[in-house]
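Structure first, then comments.
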Amino acid sequence: MTDALSPLQTLWLCETVRLREEHTGLLEDSEACRIARATQGSLTERLQVRGLFLAKRDGLITALEHWLQGAKLALWLFIFSAIISGVVLAKTALSGTPLAINIFWALAGLIGLNLVSLLAWCFSMLFSKHTSSPLSHAWLWLSNKLARDAKAAQLAPALLVLLQRHNLLRWGLGRVLHGWWLITLCTACLTLIALLATRRYGFVWESTIVASDSFVMLVSSLGSPAAWLGFAVPDSELIQRSGLHALEDEHARHIWASWLLGMLLIYGIVPRLLCSLLCEWRWRYGVKRLRLNADDPVWQMFQQRVQPSSERLGVVDVAPATLPVSTAGAQLSGHAAVLLGIELDDSIDWPPQLPAQVVDAGIIDTREQRRSMLEQLSANPPARLLIACNPQRSADRGTLHLIAELSRTAAHTQIWLLPTEAADERLNNWQEQLDILKLPHHRAAPWAWLEHGDE
Amino acid sequence: MNKSLAPLKLAVVGHTNVGKTSLLRTLTRDVGFGAISHRPSTTQHVEGARLSVDGEALIELYDTPGFEDAVALYEYIEQLPRSGERLDGPELIERFLSSSEARQRFEQEAKVLRQLLQSDAGFYVIDAREPVLAKYRDELAILAMCGKPLLPVLNFVNSSEQRESAWREVLARLGLHAVVRFDTITPPVDGEQRLYENLSLVLDSQRPRLQRLIDYNQAQVQVRRSAGYRLIAELLIDISACRRSVHPDRLEQAIQELHNDVRQREQRCVEALLKLYAFRKDDAHANALPLEEGRWGDDLFNPATMKQFGVKVGGGMAAGAATGVGIDLMTGGLSLGMATVVGAAVGGLTQTFRNYGDRLKGKWRGERELTVNDSTLRLLAIRQQRLLNALELRGHAAQEQIQMETPQEQHWRKGELAQPLITARAYSAWSSLNGRKPQQDTERTQAVESLASNLIQQHTTP
């Protein structure tokens, strides 16, 4: 069944699913989206795949089948009703005394209602953005009823919304409307011919106030288009005479019957046929060009789901179980107290006021400074080494490794986390990392310890 | 696959804690990508993400661990060539990667370099608040050895402690002249565009592809915007059309129910908008939104909220319980005013008559009609538009900027309500708040669409 879906049906199902999601929230669609993404097609294709999958899962495709069956049944009922109406129309037009049928009543009975309905349709075409006639809606309603499927109830609104969005609704409903009238009028025409062939009718016209001249003019001008098709038009003398009494003469009856048929054809069947053809053409043209417009804002919600503009590719190089750690150490003995700054920028006033015995070893930042400092300290291990760090910088592995390496050159090492305004998270991280290295750290400079070795 | 069709591979590299993962999250609009924290070494693996346009993969971005031990690594690499041997940059890096230290002490750095070697170019993310320390210079020197084009991305440039000029000077000395400012927390509106444009300066052969991505992103802004305004239009029509008949005895309770339903309906719109812009309540960027925990903090029916948003509390509106609700006492809803009647006549006649029929019946029974009044609609419109604007700027707008008066808001405060909203007043069937599914007729669809386009117009031509 899925393969046999026409583009219209596919779009219709997608629209039904969308409307459902609009009202009751998004459906669980992870599988649908995965399948849609796997198609690697265009966005439109992917949206359709997702829509169809959800429609199939939720039984909408079966519902659509039922709906279509219902619609077909409704259509047959419509055709049947059109045929009955046609017969009734013709019979009523020729009812009354057969030998004195009022020609204008017959004409009005045959095409009057049709013309009113046609004018109303044309009027709504011109002045309203959306046309709907009770007749077409009756067909939709009947299709719903005949589908006998609860889910089918969701289908009809979706079809209307879909067709409306693609400007096809008026043509689609117009097809039904004009088709009905066309069948009715054709049946009426056939019935009329049958009646005229099997019974004898005489035609008269009557009026209290209209002058016979106007009558003559009316009949011949109305009849002239039919005359081009070979239908007879009564001449003025015949009309004048028919105004007095129904003519017995066979020729006059033929002419009036032919005129009546011509009128039905020209003012009934032909306009409806033209409208039918117009609607059919617009409909087919429209259906052929029917595409799911993925740029429509209504689809935006699903766009990222079926065609994500970014996808995670996952981890391509896994994290190690543990990161390399540095370990601090210490010399057994050393001389002097040394203050050393690591990676301090010029925003920090350096060196601070130092106690007398403390040696200022400056700031180390570059590779060369690091190397020479490490060599210098290894040659003359200090008894106490105070390393100043700016906690505004992040405690990265390189810096921690350097601190650990420096600590191994001195007998005792402590860290001074300068009292700069650092983010709490960074400061905490420094403290944690230094705790792991088992190095004492302070926010205020431990001058007493540095000078004398006691806290 | 053809080489030119293979996606462009970009490695995002830099020191630890400079916002590499944040940059990836912003570029992929994937707020759940990777992990972000203030601690160093948050990302210890290499993780990829693919950017596609129309289903075609254009770019693969790789998030890498932070470079942390550059000084020691540089020293190590320097002593790698055997005496008399001359190795160029990539050869040195290859030699390093095959050494055992690349699996031990410098394992994280090796991951970065390996990824950069496999990529077409790299984004070098810089925390512009940092001074240009020697370790950063060494880091850049090592990364430059890979022989791949590098585009420095200055992050945190909106911070007061930024040292952008110092960084630019150093980068220029290294021959890196194309530099992008891109604050990942508060990205500029055209930030992404400038990022890709600058990337095409260093990767000239990829210009068409990057241009395609830029165009796509710009088109997406429009698409998201119109989808967003459609959601807002749906909300406003839904609430404007809401009309409930209640018996006078139940009035108090019914007003409470109406309040609750309207609040919930607004929250649904907020959630849909957040989803549309791929936001999560706990997202870092969400702090910059005027929301608290993904909802509006101030109650919709609190007169103070109206005042705060500059909406005049309607003259006839009762204070207290009935705030924001219109109660039609006298006429059973027939006092809709000429504008509504004209608006209604445009729609279907049968529907209008059915509607009035129901109302007449209600009047017969002595019921009262509850509607949500104009002031509340105005407030809703202004609030949702502010949210949409904030979402579009993705947290770019700071709080004071969001409070800014826009002519668009002025219009909603003082001007006449849009015609579709006035029309909706006459169609209770359009509302989902009346206990029934809203009627999906063409008139409703059209009202929503025309209101949405109205809102977009106001947005683009303030």
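Every number here is computed from the coordinates shown, using simple stated rules; none is lab data. Quick caveat: nothing in here was measured; it's all calculated off a predicted structure. With ideal geometry, Cβ positions are generated from the backbone for all residues, glycine too; neighbour counts draw on all protein chains shown.
With a/c under 1.5 counting as rounded, go ahead and sort the protein assembly as shown into rounded, prolate or oblate using the C-alpha gyration tensor (a ≥ b ≥ c being the square roots of the eigenvalues; past the cut-off, prolate if a/b is larger than b/c, else oblate).
prolate
If you take the beta carbon distance between B:His177 and B:Glu94 as r and set R0 to 30 Å, what does 1/(1 + (r/R0)^6) give as a FRET efficiency, to the nearest 0.05?
For B:His177 and B:Glu94, the calculated efficiency is 0.60.
Suppose each label sits 7 Å from its Cα in the direction of the beta carbon; what would the A:Ser30-A:Ala197 distance come out to in nanometres?
Spacing of the two 7 Å Cα→Cβ label points: 7.2 nm.
Quickly rank B:368-374, A:225-231 as a protection proxy: mean count of other C-beta atoms within 10 Å, highest first.
In descending order of packing, they fall as B:368-374, A:225-231.
Tell me, rounded to the nearest percent, the portion of alpha carbon pairs in chain A spaced more than 44 Å apart.
Tail fraction, whole percent: 55.
Shielding by partners for A:155-164, please: the mean number of other protein chain Cβ atoms within 10 Å of each residue's Cβ.
The mean count of partner-chain Cβ atoms within 10 Å per residue comes to 2.
Going by how many other Cβ atoms sit within 10 Å of their own, how do A:Glu368, B:Glu109, A:Glu206, A:Glu405 line up, fewest first?
A:Glu368, A:Glu206, A:Glu405, B:Glu109
Can you compute the FRET efficiency between B:Ala144 and B:Glu416 using 1/(1 + (r/R0)^6), with r the Cβ-Cβ distance and R0 = 60 Å? Round to the nearest 0.05.
0.40
Give a quick list of chymotrypsin sites (Phe, Trp or Tyr not before Pro) in segment A:51-131 that DSSP marks as loop, anything other than H, G, I, E or B, with at most 10 other Cβ atoms within 10 Å.
Answer by residue number: there is no such site.
Could you rank the peptides A:389-397, B:244-252 by their average count of other C-beta atoms within 10 Å per residue, with the highest value first?
Peptide ranking by packing, descending: A:389-397, B:244-252.
Between B:Arg295 and B:Ala166, with labels modelled 7 Å along Cα→Cβ, what's the label distance in nm to one decimal, could you check?
It works out to 4.7 nm between the two label points.
With N denoting the number of residues in segment B:111-265, provide Rg(C-alpha) divided by 2.2 N^0.38 Å, to two decimal places.
That ratio works out to 1.72.
So, by mean Cβ neighbours within 10 angstrom, what's the order for A:329-341, B:63-75, A:283-295 with the highest one leading?
Packing proxy ranking, top to bottom: B:63-75, A:329-341, A:283-295.
Quick one: work out Rg over Rh on the C-alpha atoms of segment A:337-452, Rh as Kirkwood radius.
0.92
Any of A:Lys91/A:Lys145; B:Lys20/B:Lys275; B:Lys148/B:Lys275; A:Lys438/B:Lys20 with alpha carbons more than 27 Å apart? Name them for me.
A:Lys91/A:Lys145; B:Lys148/B:Lys275; A:Lys438/B:Lys20
Over all directions, the average projected area of the alpha-carbon convex hull for segment B:3-202 comes to how many nm²?
Here the figure is 11.9 nm², rounded to one decimal.
With angles folded into 0 to 90 degrees, how steeply does helix A:270-288 sit against the dominant principal axis of chain A? Use alpha carbons for both and round to 10.
The answer is roughly 20 degrees.
Cut-off is 10 Å between beta-carbons; in what order do A:Leu47, B:Leu393 appear when sorted fewest neighbours first?
Ordered by Cβ neighbours within 10 Å, fewest first: B:Leu393, A:Leu47.
Given an 8 Å cut-off on Cα distances and at least 6 residues of separation, report the relative contact order of chain A as a percent.
15 percent
When the label point is put 7 Å from the Cα of A:Arg291 along its Cα-to-beta-carbon vector, which residues of segment A:308-344 have a backbone N closer than 20 Å?
It comes to A:308, nothing else.
On the first, second and third principal axes, largest extent first, how far apart are the outermost C-alpha atoms of segment A:49-118 in Å?
68, 20, 11
Using the alpha-carbon centroid of each, what span in Å lies between segment A:376-410 and segment A:260-327?
Centre-to-centre distance over Cα atoms comes out at 66 Å.
Report, in cubic angstrom per residue, the convex hull volume of the C-alpha atoms of segment B:40-133.
So the per-residue Cα hull volume is 135 Å³.
Measure off 7 Å from each Cα along the Cα-to-Cβ vector at A:Leu222 and A:Leu354, then give the distance between these two points in nanometres to one decimal.
12.3 nm
Which shape class, rounded, prolate or oblate, goes with segment B:17-62 when its Cα gyration tensor gives a ≥ b ≥ c as root eigenvalues, a/c under 1.5 marks rounded, and past that a/b bigger than b/c marks prolate?
In terms of gyration-tensor shape, prolate.
Determine how many Å³ per residue the convex hull of the Cα atoms of segment A:214-369 encloses.
That works out to 380 Å³ per residue.
Where the centroid of each part is defined by its Cα atoms, how far is segment B:220-266 from segment B:45-114 in Å?
56 Å
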